[in-house]
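The values are calculated or read from the model by the stated rules, or taken from the named source; none is laboratory data. Predicted, not measured: the structure shown is a model, and the values here were computed from it. As a convention, Cβ positions derive from the backbone with ideal geometry for all residues, glycine included, and neighbour counts pool all protein chains shown. We work out accessible area using only protein heavy atoms, side chains counted, and drop any ligands, DNA or RNA first. Shrake-Rupley method; radii C 1.70, N 1.55, O 1.52, S 1.80 Å.
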Amino acid sequence: MPKNKKRNTPHRGGGGGSGAAAATAGGQHRNVQPFSDEDASIETMSHCSGYSDPSSFAEDGPEVLDEEGTQEDLEYKLKGLIDLTLDKSLKTRQAALEGIKNVLASKMFYEFILERRMTLTDSIERCLKKGKSDEQRAAAALASVLCIQLGPGIESEEILKTLGPVLKKIICDGTASIQARQACASCFGVCSFIATDDITELYSTLECLENIFTKSYLKEKDSNVICSTPNTVLHISSLLAWTLLLTICPINEVKKKLEMHFHKLPSLLSCDDVNMRIAAGESLALLFELARGMESDFFYEDMESLTQMLRALATDGNKHRAKVDKRKQRSVFRDVLRAVEERDFPTETVKFGPERMYIDSWVKKHTYDTFKEVLGSGMQYHLQSNEFLRNVFELGPPVLLDAATLKTMKISRFERHLYNSAAFKARTKARSKCRDKRTDVGEFF
C-alpha cells in the first residue's frame, strides 16, 4: 500500500534476553537445533517452566492481557515466546508463534516489535520454509499481524521482500498442505496491501492470486454447477485477497481486471460451496462499486441474467442445503442484489470505545472484514490505537482517554460474571413460568 512517509530507522536485530530454550542450568549455552524431527525432551523443557506451555498464555486472550498484564510483563513473556520459536519441538514452536500472534493482535507493541522485527522475520521465514502445515499456518498468521503492527514503511517493505517469495512459493506448490497454502494466500494479500510500494510487485501479486482462484471458473465443457474440491478453500482465500488488493490499484489496472473477470466471476455463483458463492457475490458487488465509481453510467451487458441468478440465491429454498447456510446466503445476497440493481449499501455501525465507525461501502466492508479476520477480538483495540488502521478507515489520530474514563468504560470479569448469571436466572425463570402456563392449560382440558 503506498505510504505517506518512510522511516529511516536503522536495523536493530536481536530478540532481547537469553534464549530460554537454549540455556542450561550451569549458565552455559548449548547449540540450538531449531528443526530436528525429534520432540524436545522433558529435561529440555523443565528449565524454561515459565514458557514451557506457551499455548496456555496464548489462550488467555485479550481479556487477560488488558486486565492483568502490565506492558513490561507482556514484553517479558513475548521475549520468551520469541526464543521458543527456535525450539526443537514442533508443537512448542507452533504454540509460540500462536502466542506471539495473539498478544500482538490484542495490544500495540510498536517499539518492542520494531527492535525485534528482523529476529521475528527470520523465525517466520524458517517456520514457513521448514515447518509442517499447522506451523506454516501459524507463521503466516503472525506475519500478517506483524505488518499490521508496523504499518506501511521501510520496515514492512523489508518483511514483505523477505517473506513474499516464500509465501508465493507455498501458494503455488501443489504438494503443500491446502490449509498452509490458504493461510499464505490470505497473508500475502494483507502484507501486500500494507507494505507494497512497487506497483509492479503489486501486479505480480495480483497475477499470482488470479492464477489460483480462476481454476474454479466454470469451463465450457462443464455442467451448470461447479463442484467444490479440496482446493476450494484456497480459491476462496485467493479471491478475497485479490479483491482486497484491487481496491488499491490504479484506475487503468482496475479497468483491465474488470474486463478480464466481470463475465467469468458470476460462474462462481453456481459453486456448490456456500462460502465460495458468498465470496463471489461480495466480490461482484465490490467490482460493480468500483466500476460505477469510475463511470457513473457503467453498463453491464448480462445484467438481466446476473440479477436473476442473484435473486435466486437471495430467496434460495433448496432443501438439500443446510438451514444455516441458506440463512447466511440469503442475507448476503439480498444486500448484493440491492447493490447491483439499486446501487445501494446497507450502512453498518461499528462501535469501539467512545467512538463509532460507519461502514458505508463494499470496499470499506471488505477491508474491515479482512482485518477483523486477522485480529479477531483485538480489532476494536487496534481501531482505537493503531495509526495505520485509523488512516485506512479515515478515523483521524487516536483519541486520548484519561485513566478515569477508561476505568468507567471497563467492565471487570467479576461484574461480567454477575451480569451473565443474572441474565441466566431471568431466562430460566421466564421459561419456568411459560412451562407452568402450558401445564395449567393441559390440566384445564
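General remarks:
- Pairs meeting the criteria (first residue in the stretch 329-341 and over 14 Å from Leu269 (Cα atoms), second residue open to solvent by 40 Å² or more (accessible area, probe 1.4 Å) and modelled with pLDDT of 95 or more, beta carbons under 8 Å, at least 6 apart or on different chains) are Ala339/Glu289.
- Hits in the stretch 353-368 - residues which are surrounded by 15 or more Cβ atoms within 10 Å (Cβ to Cβ) and under 22 Å from the mean Cα position of the chain (by Cα): Gly353, Met357, Ile359, Ser361, Trp362, Val363, Lys364, Lys365, His366, Thr367, Tyr368
- Any pair with Cβ under 8 angstrom, 6 or more apart, that starts in the stretch 62-82 at a residue that is under 10 Å from Val103 (Cα atoms) and ends at one that is hydroxyl-bearing (Ser, Thr, Tyr) and at pLDDT 85 or above: Pro62/Ser106; Pro62/Ser377; Pro62/Tyr381; Leu65/Ser106
- Matching residues, the stretch 104-151, being outside any helix (DSSP H, G or I) and either more than 22 Å from Lys88 (Cβ to Cβ) or within 19 Å of the chain's Cα centre (by Cα) (or both): Lys107, Met108, Phe109, Gly151
- Subset of the stretch 153-165 [in a helix (DSSP H, G or I) and either at positive phi or of a type in the set (Val, Ile, Thr) (or both)]: Ile154, Ile159, Thr162
- On inspection, Lys168 does not qualify as in a helix (DSSP H, G or I) and surrounded by fewer than 17 Cβ atoms within 10 Å (Cβ to Cβ).
- Residues in the stretch 139-160 that are open to solvent by less than 10 Å² (accessible area, probe 1.4 Å), of a type outside the set (Val, Ile, Thr) and in contact with a Cys (Cβ under 8 Å, 6 or more places away or on another chain): Ala139, Ala140, Ala143, Ser144, Cys147, Ser156.
- Members of the stretch 372-397 found to be of a type in the set (D, E, K, R) and either assigned to a loop (DSSP other than H, G, I, E, B) or touching a residue at least 24 places away in the same chain (Cβ under 8 Å) (or both), listed by number: Glu373, Glu387, Glu394
- Residue selected from the stretch 294-338 under the condition part of a helix (DSSP H, G or I) and among the acidic types (Asp, Glu), by the criterion surrounded by the most Cβ atoms within 10 Å (Cβ to Cβ): Asp335
- Screening the stretch 90-117 for residues that are within 22 Å of Thr370 (Cβ to Cβ) and of a type in the set (Ser, Thr, Tyr) and picking the one that is surrounded by the fewest Cβ atoms within 10 Å (Cβ to Cβ) gives Tyr110.
- Arg181 of a type in the set (Lys, Arg), more than 30 Å from Lys257 (Cβ to Cβ) and assigned to a helix (DSSP H, G or I): no
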